[in-house]
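Down below is the structure, laid out as structure tokens.
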Amino acid sequence: MDIFYIRRAALTVFLTAIASVTTAQAADVPLAIIGPHEYDLPVDFKPFNVLVQYGDGNAAGLSYNSLGQRKPEGGSHTWAGMTKYVHFRSFDAIPHVGFAFEVIQTESYVLAHGTNYGGLGGTISGPAVWFKPNKNSTFGIQTFLQTPSGTRESLATHYWSNLSSFMFDYEWKHFSFDGDVGAIVSMTKHLDGQHSYKPGTTFHSNLRFSWKAHRVVEPFLAFDWQNTAATRDRTVQNWIDNSSSREVAMGGGVMFTLTKSISLTTRYSHSVEGRNTPETNAYYMKFVYLW
């Protein structure tokens, strides 16, 4: 099959680490790192592999309170990374359907309230499957499991999570539109000698609209949204005040197709509306290598 088409398949499913219930975590809409052609995926292809390095820096100097007002407090500066290996394959017994399995390791560094710390967060892994309703479109589903672990206590969520979403893509001659709609469902957080907490379910959507200006350079617009239900204290059976949150962020970026197997995507995004969350004021980067 065409190698340029396979290269686009390398820009596949992404899932960011879930924020813990502590306010020191920065705002980060799930799957906010995705770029153009993220779900422009092939079917009936020979197996191949992809290595992706994601990175973003968020200077959240302000935060949104429970009334949706921006306040100069509660923010933090974070640097986050995700190293992802993906194996793509299809099966002769299941024609016109594509499959992938991913293993993602999260990394982060945080500056907040006079402290700084960094290390590895949870590991995310799981499958994705998709088909093409017609030659210009793709539709599929992805589901992942995130571990509760971390190299530092403050970087571990201490609960298991399932992250699932529908993904779609449509390609025109000069434009493309793709995105996802999904949810994150978490188990109860248990720590010895402390109350048990059940994080609220997070719903999210990420949309990308790009202009195929040139074979190498492709500018795009981004829209990201998340809404998280309140956290429940299972020990005393109460909802935690002001623990529900929402955010809408918008931005723009450029995807550079450097070779048939290497691409680099950069973007800037900023919050336009939120509640009970640090603002997004972030730069994103994604490097893809296909073999």
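The values are calculated or read from the model by the stated rules, or taken from the named source; none is laboratory data. Being a predicted model, the structure only gives us computed values, none of them experimental. Neighbour counts run over all protein chains shown; Cβ positions are idealised from the backbone, glycine included.
Okay, residues lined up against (1) part of a strand (DSSP E or B); (2) farther than 30 Å from residue 272 by Cβ; (3) touching a Pro at 6+ places or on another chain (Cβ under 6 Å):
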{"site": "182", "(1), (2), (3)": "yes, no, no"}
{"site": "192", "(1), (2), (3)": "no, yes, no"}
{"site": "207", "(1), (2), (3)": "yes, no, no"}
{"site": "215", "(1), (2), (3)": "no, yes, no"}
{"site": "220", "(1), (2), (3)": "yes, no, yes"}
(request) Pull up the range 195-205, narrow it to residues that are assigned to a loop (DSSP other than H, G, I, E, B) and in contact (Cβ under 8 Å) with a residue 40 or more places away in the chain, then point me to the one that is farthest from residue 268 (Cα to Cα). (result) 195
(request) Determine whether residue 117 is surrounded by fewer than 22 Cβ atoms within 10 Å (Cβ to Cβ), free of Cβ contacts under 8 Å to residues at least 40 places away in the same chain, in contact with a helix residue (DSSP H, G or I) (Cβ under 9 Å, 6 or more places away or on another chain) and not β-branched (Val, Ile, Thr). (result) yes
(message) Return the residues of the range 208-258 that are surrounded by 14 or more Cβ atoms within 10 Å (Cβ to Cβ) and charged (D, E, K, R); say none if nothing qualifies.
(response) 208, 212, 218, 224, 232, 233, 234, 246, 247
(message) Given the options 66, 90, 108, name the one that is at pLDDT below 95 and either under 16 Å from the mean Cα position of the chain (by Cα) or surrounded by 15 or more Cβ atoms within 10 Å (Cβ to Cβ) (or both).
(response) 108
(request) Starting from residues that are part of a strand (DSSP E or B) and among the small types (Gly, Ala, Ser), keep the ones in the range 77-98 and report whichever is nearest to residue 286 (Cα to Cα). (result) 81
(message) Give me the residue from the range 156-167 that is within 17 Å of the chain's Cα centre (by Cα) and buried (at least 18 other Cβ atoms within 10 Å of the Cβ) and, out of that set, farthest from residue 220 (Cα to Cα).
(response) 157
(request) Mind telling me which of the residues 151, 143 ends up being of a type outside the set (Asp, Glu), assigned to a loop (DSSP other than H, G, I, E, B), surrounded by fewer than 16 Cβ atoms within 10 Å (Cβ to Cβ) and touching a Gly at 6+ places or on another chain (Cβ under 6 Å)? (result) 151
(message) Considering only the range 212-225, I want to know if a residue exists there that is touching a Ser or Thr at 6+ places or on another chain (Cβ under 6 Å), among the β-branched types (Val, Ile, Thr) and closer than 26 Å to residue 146 by Cβ.
(response) no
